[in-house]
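The values are calculated or read from the model by the stated rules, or taken from the named source; none is laboratory data. These figures come from a predicted structure and were not determined experimentally. Glycine also receives a Cβ, built like all others from the backbone with ideal geometry; neighbour counts cover every protein chain displayed.
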Amino acid sequence: MSTESGARDRGRWRVLQTNEGPRSGALVRAADAFVGRLELPKHATWTDIQSAVEGIYGKPIVLIASASPALQAVTGLWIDAADFGAVVCREADQPHYQAQNAFHELAHVLFAMAPDKWFTKELPRTPLVGSGGPSRLCAYSSEETIGLSQSEVAVEEVAFAMARAAQTLNRSTEETYFG
Amino acid sequence: MILQLTCLALILLLAVLRGPRALHRSQARPAWWASVAGTISLTTYGVPIPAQVYDRLLGGQNFLTLLRDLAAVAALWFLREALAGYSRSAKRYAAPWRLGVALTVITVLFVLIQHRAPTSETLVIDQIAQPVSWLYGIAYMGVVLTMLIDSARLTMRRGRGPVRVITAGAVLTASGSVVEIAVLTAAHFGWGGAPFRESFSEISGAPFFVGLAIMLLGIAGATVVLPIRRRLLIGRLHQIGQRRSFHAGQRPLPLAVLGTEKQLVARTHHLLIEIGNAEHAGRFTPTDDETAVIRRAQALFRPDTDFRPTVVGKAA
C-alpha cells in the first residue's frame, strides 16, 4: 500500500460536489438498471456489492478507512494496483457518508471495467479524467480540472443506486412488531 | 355499543393498514393475526351484519356468541405472541396446544348450554342460572384474563412508547375481565338481586372495551404515529436542504415526505450526502438544531455490519 503522497499520484480522487442541480429521473432509472446487472440479492450488504464488483474487476478489493489528517480535500479514492484494488474512504466521516464514498469508488471501478453493453444513452461510459485506462487511472484531479463533470454525476448516481440496493430502514422494535 | 363499534372501526383500519407489512415480515404477523381475529370477534355485535342474520348463517343456536368468544381468545393469544416476540424473553412463546385446549374447553362448555336459541347478545347472562352457562362465562373470561395478565407481565418493565400504551390497555381490559367474572358469579348465585345484576351487567363491559380501545390506540401509535414522525423528520431535513439551497429545483416539501419507505430512505440518504458534501466543502456549518436533525436522520438507516473498513494512518 502506498503512502498518501504516493496515493495522490496513483489514486483517483473523488472531488466534492459543489453545485448539484435537479436529478434526472432517466439517469436515476438508468443507474438502478446498471446496478441491477450486478444481480445483487434483495437486501444486499456491502459484502454482496463488493463481491459483485470484484467479479467484474477481476481482482480483490480492499476497503480502507484513512485516519490521516492529510486526507482533507477529498472523500475517497480508488487505487488500482496490479493484483488488487483499494477503495479508501475517510475514517472521520459518518459511516453512511463513508459508505457512499466507497460506493462511488466501486462505481468508478465499474465504469472502467464493466462490459460496453452495460452502458446506455442515459448512462454512457465516460472517459476517466486524466487517465488513459485502468493501468493509469490515477492522475490527481482537482475540483478545478474535473468540476462537476458528467462522468462524476453518472458515477455518483450509480453510487446512489448501490446505496439504494443496500440500505434499509432501521425500525424500532415497537414498529417491527406492531407497525 | 358505541365502544364496540369504535373498537371495530379501529381494529379494521389496523388490519388493513398492517396487511402489506405482515405479508413481508414475520415479526409483524402475530399482531396482524390478532387484528384479523379481533375484527371477526367485533363484527358479531350487529354491524355490519345484523346479529340474527349472522347467527342464521352460522346455523342458529347462538353460535354467534361462540364465534365472538373464540375469535377474541385467538386475538389475545396472537397479541400475546406479538408482545412475547417484542419482549424477547427466554420463555416467550406460548405453546399452541394451550390455545387449542382453551378453545376446546370453551366450545364444549358452550355446546352443553341448554336453550341457546333465539339469537341474543346476552346469552350467558340470559342463561346464567345454568351452572354450565356460568362455567362457560368463567372459562372464557378466565382464559382472557390469564392471557392479558401474561401479556402485561411480558412488557410491564421493558415496554416503550406504543407498547406501554398497549400494556396499560391490557391491564384495564384485565380489570374489566375481573369485573365480568364477578358479575357472572353474582348473577349465577343470585347475589344482589335482579335490578343490581341488570344495571351492573350493562356497565361491566365498559372497562373491558375501553382497555381494548387503548390497546388498539397503542398499536395505531406504532402503525401510524411512528411513520408520521419519521416523515416529519425527513421533512425537516428537506427544509434544511432547501434553506441552505443544497438542492434547488428539487421536489417541494409535501411531495418529499410522501412516497414509499424505500423512496424515503433513498431521499433521506441523498439529502444527508448533499449536506455532508456541503459540510466538507465548507459551505455549510449546521446549527445545534440542524445537527440534531441530521443525527436523527442518520439513525434512520440500519447499520450495514459488513461495512468495516480497515483503519490505517492513525496517529500514534
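In segment B:85-93, the count of residues that are in a helix (DSSP H, G or I) and either of a type outside the set (S, T, N, Q) or away from every other protein chain (no Cβ under 14 Å) (or both) is one or more.
Residues are listed down the side, and each one gets a yes or a no for (1) surrounded by 16 or more Cβ atoms within 10 Å (Cβ to Cβ); (2) in the same structural domain as B:Ala95 (by TED's automatic domain parsing); (3) of a type outside the set (S, T, N, Q):
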| position | (1), (2), (3) |
| --- | --- |
| B:Arg116 | yes, yes, yes |
| B:Thr122 | no, yes, no |
| B:Ile128 | yes, yes, yes |
| B:Pro131 | no, yes, yes |
| B:Leu135 | yes, yes, yes |
| B:Met141 | yes, yes, yes |
| B:Met147 | yes, yes, yes |
| B:Leu154 | yes, yes, yes |
| B:Gly159 | yes, yes, yes |
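Could we say that B:Thr305 is within 9 Å of chain A (Cβ to nearest Cβ) and either in a loop (DSSP other than H, G, I, E, B) or surrounded by 20 or more Cβ atoms within 10 Å (Cβ to Cβ) (or both) here? Yes: the conditions hold for B:Thr305.
Looking across segment A:37-83, just one residue is part of a loop (DSSP other than H, G, I, E, B), more than 9 Å from every other protein chain (Cβ to nearest Cβ) and under 15 Å from B:Thr310 (Cα atoms), and that is A:Pro60. Of the residues making up segment A:87-115, just one is more than 10 Å from the chain's Cα centre (by Cα), within 23 Å of B:Gly276 (Cα to Cα) and among the small types (Gly, Ala, Ser), namely A:Ala92. Remark: B:Leu99 falls outside the filter, which requires a residue to be in a helix (DSSP H, G or I), out of contact with any Asp or Glu (no Cβ under 6 Å at 6 or more places or on another chain) and modelled with pLDDT of 95 or more. Among the criteria (1) within 14 Å of another protein chain (Cβ to nearest Cβ); (2) in contact (Cβ under 8 Å) with a residue 40 or more places away in the chain, the one A:Tyr97 does not fulfil is (2).
Selection within segment B:255-273: residues that are crowded, with 17+ Cβ neighbours inside 10 Å, outside any loop (DSSP other than H, G, I, E, B) and more than 7 Å from chain A (Cβ to nearest Cβ). The member of this set that is modelled with the lowest pLDDT is B:Ala256. Does segment A:110-123 include one or more residues that are over 25 Å from A:Asp48 (Cα atoms), at pLDDT below 95 and in a loop (DSSP other than H, G, I, E, B)? Yes; the residues of segment A:110-123 include at least one that is over 25 Å from A:Asp48 (Cα atoms), at pLDDT below 95 and in a loop (DSSP other than H, G, I, E, B).
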